Every structure is written in structure tokens, then in C-alpha cells.
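Contents: one structure, followed by commentary.
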Amino acid sequence: MTKGIPVIDIAPALAGSLEDRKRVAREIDHTCTETGFFTITGHGVDTALIDALRSTAHAFFALPLDEKRRAIHPVADTPRGYRALGIEALAHGNDRPTPPDLKEYYHFGRERWPDEPYYTSAEGRRYFIPNLWPERPEGFAAVAERYYAEMERLVLCMMRLTALAHDLDETFFDDKIDRHITAMRLNFYPEQTGAPAPDQMRAGAHTDYGLLTILNGENVPGGLQVLTRGGEWIDVETDPGNFVVNIGDLLMRWTNDRWVSNTHRVINPPAELAAKTKRLSIAFFHHPNYDARVECIAPPGKAKYPPVLSGEYRDLKYRQTRVSAA
């Protein structure tokens with residue numbers, strides 16, 4: 001256990017037999033019916049790459065605000081580039097009115113895609129958007145693209161394990177995620193020089209929108225907490241060498257609530273440490289193809305949710321959580 005959430009070694013699933021994959025899938029199924037959060041080890045991602053992106057992100061967020069703001073996308077509400085403090089309140093997406101979150105972030109997606117109508121049509125251009133990279137630090141785009149590609153490899157394995165966990169064909173999700181619209185965020189929680197407003201946190205209590213979130217973080221005061229089904233907030237250790245995985249809303253809907261999209265938050269550091277405690281997290285928010293129809297895989301007649309298109313659901317959540325334009 002890692003501060004209350006299970007640790008699952010997925011190495012056998014990456015290199016072993018079908019029976020190995022089914023065994024790991026059963027482990028994942030057990031925890032996703034309880035908390036929807038778990039840590040994975042044996043993931044095969046080079047720690048040097050993780051460290052490189054983390055170092056690059058820290059270098060960017062340490063730049064003067066005026067320079068960072070030059071990386072704000074010129075088209076309002078475009079989910080690319082830099083966003084400063086006061087832009088987002090994640091709790092609004094779950095109907096909880098709170099002040100803006102105490103974070104800034106850098107938002108990017110896939111760096112390149114085929115010259116095909118799915119990507120280049122009017123609909124496609126809503127989701128496949130060129131990234132906006134800052135002038136500094138050097139090499140930002142290259143290391144971000146490499147990390148994104150590693151997450152694509154890893155999440156395909158995780159979604160095949162998800163299918164096995166639900167007694168589906170291992171490739172059930174393949175044609176629903178092969179042109180995915182996943183976004184990544186580098187979330188930076190700066191030092192707090194003043195007291196937060198009432199109910200204001202680094203990230204308010206929320207659920208994620210898509211299928212799976214793969215998170216890499218730092219263990220410093222003012223970190224991630226998850227709400228258990230029993231109503232208890234527990235700390236989640238985010239070892240820089242491993243990943244925390246959690247279930248998103250669309251996967252919960254697909255599984256008809258068998259797997260839970262759990263509420264989580266990022267709390268403020270203790271007052272005596274707030275002025276000298278900063279934190280970075282790297283989040284890969286895996287989201288299906290924009291035209292994927294998400295509907296219950298339970299027996300007919302028992303669905304708790306109506307079908308929804310992946311892209312429409314993501315856009316709704318973006319609108320709900322944006323509280324400022326720049």
C-alpha cells in the first residue's frame with residue numbers, strides 16, 4: 001500500500017502471457033471498484049525522460065510572469081499554452097462553487113497527426129490544435145513530445161487491461177482510442193505568500209473527465225488527496241519514479257459505475273510551510289476519439305447514463321471549469 005492506495009506491478013502485463021495480463025487486470029479491477037486510484041510500478045518508462053520533463057517544466061514556471069504570458073494562446077479558450085493563476089476552478093465541474101484554484105499550468109496535446117479529414121476537418125480542428133511552445137527553456141517541445149509518446153504506449157496497455165477486467169475482448173477499446181484527443185498538463189502550484197480564501201485550494205475537489213489519468217508528481221507538503229467511498233480523505237503519495245492512475249468520468253460511465261471516478265483534490269501546504277513550498281505534477285488525461293460513443297457495457301436495460309460523445313463531454317467540462325479568460 002502507498003498511503004492508502006494499492007501499488008500494482010504491471011511489468012508482467014507488459015512482457016508476459018495472456019494469463020499474466022488477466023491476473024494484473026483482476027488486481028486493477030479490484031481496486032477500481034473501491035477507490036479508482038492506484039500506483040503502477042514496472043511501467044517501463046525511462047526515469048531519465050520523466051526527470052527531463054520535470055526539470056524543463058520547473059525551468060519554465062520559474063521564468064518571469066511577463067515571459068510566461070507570451071505563451072498564452074492568442075485565441076481565447078483554446079486549450080493550449082500557458083494559463084496563469086486564477087483561470088480555473090476544477091470544483092465547478094462537479095457543481096461545487098469555489099474560488100479559483102491556486103495553480104498555473106501549461107497545456108499541450110499531440111504534436112503531429114496525419115493529413116486526413118478526421119484531423120483536419122472543421123470538427124477535427126476543434127481537438128487537434130497545434131501546440132504553442134515558449135522560446136525558453138530550450139528543448140521544451142522535444143522532451144514533451146517524447147513523454148507524450150511514452151504515455152500513449154503505456155495507456156494502450158492500460159486500456160487493454162481494462163477490457164480484460166470486464167471480460168471483453170482485449171482489443172475492445174482499440175478503435176475507440178486510436179485517434180484520441182488526450183491533453184497533457186504541467187500543473188505548477190507556486191509558493192503561497194498570502195492566506196488562501198475560504199474553500200480555496202491548489203486544486204478544488206473534482207473528478208477527471210476522460211478514461212484514465214496517468215499522473216507523475218512530487219512528494220512535498222500540499223499534495224494529492226482522494227475521497228474514499230467511505231467519505232474519508234486520504235493522502236496519495238506520488239513517487240517521482242512511478243505513476244498514479246485514476247479512473248475518469250467517461251470510463252465510469254462506460255462501466256456503469258462498476259469502476260468509480262473518485263473525487264480528488266490538491267490541498268494547500270501547512271501555513272508555516274506555504275511560503276516556501278512549491279509543487280509540480282505532470283498529468284496525461286487520456287480521452288477517447290472525439291466521435292467515440294460512450295455507452296454502458298453492462299447488460300441491456302440497466303444503464304445509469306445516456307450515451308454521450310467523447311468530444312462533447314470534454315467540451316462541457318472545459319466550459320464549466322473556466323472562470324477567467326487569460
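Looking only at residues in segment 82-124 that are farther than 25 Å from residue 268 by Cα, touching a residue at least 40 places away in the same chain (Cβ under 8 Å) and not in a loop (DSSP other than H, G, I, E, B), the one that is farthest from the chain's Cα centre (by Cα) is 118.
There is no residue in segment 229-244 that is within 15 Å of residue 162 (Cβ to Cβ) and surrounded by fewer than 24 Cβ atoms within 10 Å (Cβ to Cβ). Going by what's in this entry, would residue 81 be described as farther than 30 Å from residue 134 by Cα and either in contact with a Leu (Cβ under 7 Å, 6 or more places away or on another chain) or among the small types (Gly, Ala, Ser) (or both)? When the stated conditions are applied, residue 81 does not pass them. One residue alone among 184, 201 is hydrophobic (A, V, I, L, M, F, W, C) and either more than 15 Å from the chain's Cα centre (by Cα) or surrounded by fewer than 21 Cβ atoms within 10 Å (Cβ to Cβ) (or both), and that residue is 201. In the set 182, 207, 193, only one residue is among the hydroxyl-bearing types (Ser, Thr, Tyr) and closer than 20 Å to residue 118 by Cβ; that residue is 182. Among the residues of segment 10-37, the one identified as closer than 21 Å to residue 224 by Cα and among the charged types (D, E, K, R) is 34.
Taking segment 56-79 as the search range and keeping residues that are surrounded by fewer than 12 Cβ atoms within 10 Å (Cβ to Cβ) and charged (D, E, K, R), which one is modelled with the highest pLDDT? Out of the qualifying residues, it is 66.
For segment 1-42, the candidate set comprises residues that are at pLDDT 95 or above and of a type in the set (Lys, Arg); within that set, the residue that is nearest to residue 264 (Cα to Cα) is 26.
Only a single criterion out of (1) in contact with a strand residue (DSSP E or B) (Cβ under 7 Å, 6 or more places away or on another chain); (2) of a type in the set (Gly, Ala, Ser); (3) exposed (fewer than 15 other Cβ atoms within 10 Å of the Cβ) is not satisfied by residue 121, namely (1). Taking the numbered list (1) outside any helix (DSSP H, G or I); (2) surrounded by fewer than 17 Cβ atoms within 10 Å (Cβ to Cβ) in turn, residue 175 passes all entries but (1). Whether any residue in segment 304-321 is assigned to a strand (DSSP E or B) and not aliphatic (A, V, I, L, M) is what I want to check. No: zero hits. Selection within segment 215-267: residues that are β-branched (Val, Ile, Thr) and part of a strand (DSSP E or B). The member of this set that is farthest from the chain's Cα centre (by Cα) is 234. Of all the residues in segment 279-302, those that are at pLDDT below 95 and either surrounded by 18 or more Cβ atoms within 10 Å (Cβ to Cβ) or in contact with a helix residue (DSSP H, G or I) (Cβ under 8 Å, 6 or more places away or on another chain) (or both) number 3.
Inside segment 178-214, residues that are in a strand (DSSP E or B) and closer than 25 Å to residue 309 by Cβ make up a count of 8.
The values are calculated or read from the model by the stated rules, or taken from the named source; none is laboratory data. Treat the numbers as computed from the prediction; the structure is a model and nothing was measured. Backbone-built Cβ (ideal geometry, glycine too); neighbour counts: all protein chains shown.
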